[in-house]
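Take a look at the structure below.
The values are calculated or read from the model by the stated rules, or taken from the named source; none is laboratory data. What you see is a predicted model, and the numbers here were worked out from it, not measured in a lab. We place every Cβ from the backbone using ideal geometry, glycine too, and count neighbours over all the protein chains shown.
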């Protein structure tokens, strides 16, 4: 009887975990669905929608030139075909993928550590403002994360007790992952490095099999690499990034835990970095037993971020969303660390953590100062009503025309600065200081008012604005969201 | 939700202490890079504060590098012959300890399994003016062992042993403190090392069997584990183990050559070891608990014990600096200096603690660069240093050990002052029974720190409002308070029992598989 009750008790705990996960998932969905409708389209999303509205060969061409890989775009293309070509339906796809990830996060964490750590980290994952943000964005990041989680599960299975299914799963998810985002390579490199530094602890026969799977993965991506090289040029339709600083480095960790917060809150979070030292000191507990899989978790946090940081000095690529996989492993590591504390301290720390993360999520959702919010919708509606056929709307940087066009229903002529004729060239023309006057004159000719929308400064925003301020009368200035401002100038007819 | 692990507390800290050499090199490199970065690539703010910071960093780098060198190789290669079993005298040093405690040790010593040995109670109760000195003599009679009672005081414990050496004649002698109960096989497992004729003494761990008794005993033991684990095993490799005053076997000839047990230093064992080594004798560390002792049971006793060790060690730096001792090898010089200089860490910690407070009151900082740049190098550095401490201690080194070490800064500073000013401090025996009372007054400096921090935060808020710098400095202050908190708590008797029940819950599940079977 005792044995039976033990079994039932174990089974109950297991079920209780899933009930808890389902409960928090429902909370997450409840929060996410209104956001899908409420948040305006963002630049990247507008590009996704525009890209997948083409045929498959065209998608290959556009995505290839856009320095991306096509797996997500193909899925979204068919998804939009079944439903409709709206941002709402595209966001539902991301949400669906994100929800599918949740049980796999739990499974991965329980394979790495214990069921308790798995439950605790899955709840953090569900409530994470960062994960929530990309669960609602019509981009490939939730898919990237799902494939990384699945691949990690197969990888751990192979290391613990290899079987054919795990190898097949490992190779398939690796191939799909590298066709979802180029940064998936960093994840795979971290896997490989972890294996290389700890191979002595695993079955020696695995090494040649990993070599073979690496060859298969490389062969699988080679057609795409060949195709991209044959295209000859990149589209240059993305914001130019700056080389990262130490602040950017820590910002990534801050974003992973607290999401996207206004500058004042973010600077307080960053200044409190000695908290990490407190955690390091207090996590020195004698029951703490270092597991080899903790090295795996640490590698998955530090190697992708570290490599991206270093590579960014060659070509700036340091964006937290590209490194979304590391966020999950950061949650796992933090939960693992606090599990080394005594029960009482651990519970207090965890509850404080949940409270802060939940609060950050609410702030991110409701604060108008959330830095990543791009209110192209309101600005487009405003100008639909206000601007007339005698006026001209100018967007700078030029690629912001995608989200603006998505919402704009008016009759006013829309231009970009620098002038970009998308029907003729796929790449955005570079800025030339000596041509400001010429290009502005070309745009303004025959118009009464010029509505200039400035966002995503590419290094020439200030120069353009100074020129306009010096030559035209500014009638109105209005900020619609952080870094998205409308200026109205009266033109001399 | 109970976190429990099963382990044998007598063996856990002595096993699996060898760290990967790649890891050790990696930690050394990261530490050096961090030091170079902080020293040469960061813009100094206030030059006084910058100077303080750099002095601290130099000291920390020294500690890390010397620690890495110490634990580089912890695998023993000493020659041992179990058949080698010369005659031995066993000395139990006594100075007024409760008779029950002495009796337990004496019986255990008598029960040791070994061909030929004599047990002596070195009774200093008379010279120490303890009431029970006659009881000790009676105990010796009852047990059929010897008792040597001194009537003329000199040289404290060292003098007591030297006095016994004059009245005995065997080539080897063992020293046990009155509260350190030997295992039956103590002699069998130690004497075999003297087959190597150059071995001058053999030391075994000083295990505290009462380490779960209260916060003080627990804190004291957490510090000991690291020392008697990886550190002593590493020192053994470089022939640099020093005597720890008890649970040790010594060769009479080696001690005679060293001029007897040193009576001029408050930590006689440490200095005697130095003299023995400088005469070319070898030392051996046996990484096995072969005797069980008692940790100081109250905060006052702990305080006195730490002061004695700190003062004795610091005296070595200032009066017998190993660097200038020609008889020592380079490795031995480094090891003695590393151990002695540990007690300088108190003043470094205090200075570092003051930096955020100075900022709150004056706005002065040691470094003016973005604190995120500093974080970028500091976090991996401190993480790796902490990891190597855990790894080399087989994951026994805990925050409590660290907190007790760092929070002892006032003891270290007082000891430093005593050495520099030439104050005379008598040898005091660590109390074997708990002294009740509130010892929070001993931590007046810690309490002052908390109070000044609170005032400083209010002062800064009044003048500057909420800024990012305020948060950074508050976080440092919180870290410092978290570090001193266990020490403060241990000095409050009212909290001891309740808190301990919680903090030690995992230890209750530990199976005690002691190899000590003592006949009574």
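Taken over segment B:177-214, the criterion of being within 19 Å of residue B:77 (Cα to Cα) and in contact with a helix residue (DSSP H, G or I) (Cβ under 8 Å, 6 or more places away or on another chain) is satisfied by B:199, B:200, B:201, B:202, B:203, B:204, B:205. Would you be able to say whether some residue in segment B:150-158 is within 16 Å of residue B:247 (Cα to Cα) and in contact (Cβ under 8 Å) with a residue 24 or more places away in the chain? Yes, segment B:150-158 contains a residue that is within 16 Å of residue B:247 (Cα to Cα) and in contact (Cβ under 8 Å) with a residue 24 or more places away in the chain. The residues of segment A:456-480 that are modelled with pLDDT of 90 or more and buried (at least 19 other Cβ atoms within 10 Å of the Cβ), listed by number, are A:464, A:468, A:472.
On the given criteria, is residue B:288 assigned to a loop (DSSP other than H, G, I, E, B) and either without any contact (Cβ under 8 Å) to a residue 24 or more places away in the chain or surrounded by fewer than 23 Cβ atoms within 10 Å (Cβ to Cβ) (or both)? Taking the combined requirement at face value, the residue satisfies it. With respect to the conditions (1) within 14 Å of another protein chain (Cβ to nearest Cβ); (2) in a helix (DSSP H, G or I); (3) closer than 25 Å to residue B:469 by Cα, residue B:358 lacks only one, and its number is (1).
Results for (1) under 27 Å from residue B:280 (Cβ atoms); (2) assigned to a helix (DSSP H, G or I), shown as yes or no for each residue.
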| residue | (1), (2) |
| --- | --- |
| B:128 | no, no |
| B:137 | no, yes |
| B:153 | no, no |
| B:162 | yes, yes |
| B:175 | yes, no |
| B:190 | yes, yes |
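If only residues of segment B:326-339 that are under 15 Å from residue B:270 (Cα atoms) and in contact (Cβ under 8 Å) with a residue 60 or more places away in the chain are counted, the one that is surrounded by the most Cβ atoms within 10 Å (Cβ to Cβ) is B:336.
Just one of (1) in contact (Cβ under 8 Å) with a residue 40 or more places away in the chain; (2) within 23 Å of the chain's Cα centre (by Cα) fails for residue A:177. It is (1). The requirement of being in a loop (DSSP other than H, G, I, E, B), touching a residue at least 40 places away in the same chain (Cβ under 8 Å) and crowded, with 19+ Cβ neighbours inside 10 Å is fulfilled somewhere in segment A:365-373, by at least one residue. Here residue B:352 does not qualify as modelled with pLDDT under 95 and part of a loop (DSSP other than H, G, I, E, B). For segment B:403-420, a residue qualifies if it is within 14 Å of chain A (Cβ to nearest Cβ) and closer than 24 Å to residue B:316 by Cα, and the qualifying residues are B:404, B:405, B:406, B:407. There is no residue in segment A:332-345 that is in a helix (DSSP H, G or I) and touching a strand residue (DSSP E or B) at 6+ places or on another chain (Cβ under 6 Å).
One residue alone among B:12, B:69, B:32 is farther than 30 Å from residue B:355 by Cα and modelled with pLDDT of 95 or more, and that residue is B:69. Being within 14 Å of chain B (Cβ to nearest Cβ) and farther than 26 Å from residue A:127 by Cα is the requirement here; does residue A:348 meet it? When the stated conditions are applied, residue A:348 does not pass them. In the set (1) modelled with pLDDT under 95; (2) more than 25 Å from residue A:22 (Cβ to Cβ), residue A:103 fails one condition alone, (2). Test residue A:115 against the stated conditions and say whether it is in contact (Cβ under 8 Å) with a residue 60 or more places away in the chain and either over 24 Å from the mean Cα position of the chain (by Cα) or buried (at least 24 other Cβ atoms within 10 Å of the Cβ) (or both). Yes, satisfied. Going by the conditions given, is residue B:51 out of contact with any helix residue (DSSP H, G or I) (no Cβ under 6 Å at 6 or more places or on another chain), within 14 Å of chain A (Cβ to nearest Cβ) and not in a loop (DSSP other than H, G, I, E, B)? Answer is no for this residue.
Among the residues of segment A:267-301, write down those that are without any contact (Cβ under 8 Å) to a residue 24 or more places away in the chain and either in a helix (DSSP H, G or I) or more than 10 Å from every other protein chain (Cβ to nearest Cβ) (or both). The answer is A:267, A:268, A:269, A:270, A:271, A:274, A:275, A:276, A:277, A:278, A:280, A:281. Every condition in (1) within 14 Å of another protein chain (Cβ to nearest Cβ); (2) buried (at least 18 other Cβ atoms within 10 Å of the Cβ); (3) within 26 Å of the chain's Cα centre (by Cα) holds for residue B:34 except the one numbered (3).
Would you say residue B:323 is away from every other protein chain (no Cβ under 14 Å), touching a residue at least 60 places away in the same chain (Cβ under 8 Å) and assigned to a helix (DSSP H, G or I)? No: the conditions fail for residue B:323. Considered as a group, the residues in segment B:158-176 that are surrounded by 22 or more Cβ atoms within 10 Å (Cβ to Cβ) and touching a helix residue (DSSP H, G or I) at 6+ places or on another chain (Cβ under 8 Å) include one that is modelled with the lowest pLDDT, and that residue is B:158. Residue B:363 meets all of the listed conditions (1) surrounded by fewer than 18 Cβ atoms within 10 Å (Cβ to Cβ); (2) in the same structural domain as residue B:475 (by TED's automatic domain parsing); (3) farther than 20 Å from residue B:459 by Cα but one, namely (3).
Taken as a whole, segment A:245-256 holds at least one residue that is at negative phi, more than 12 Å from chain B (Cβ to nearest Cβ) and touching a residue at least 40 places away in the same chain (Cβ under 8 Å).
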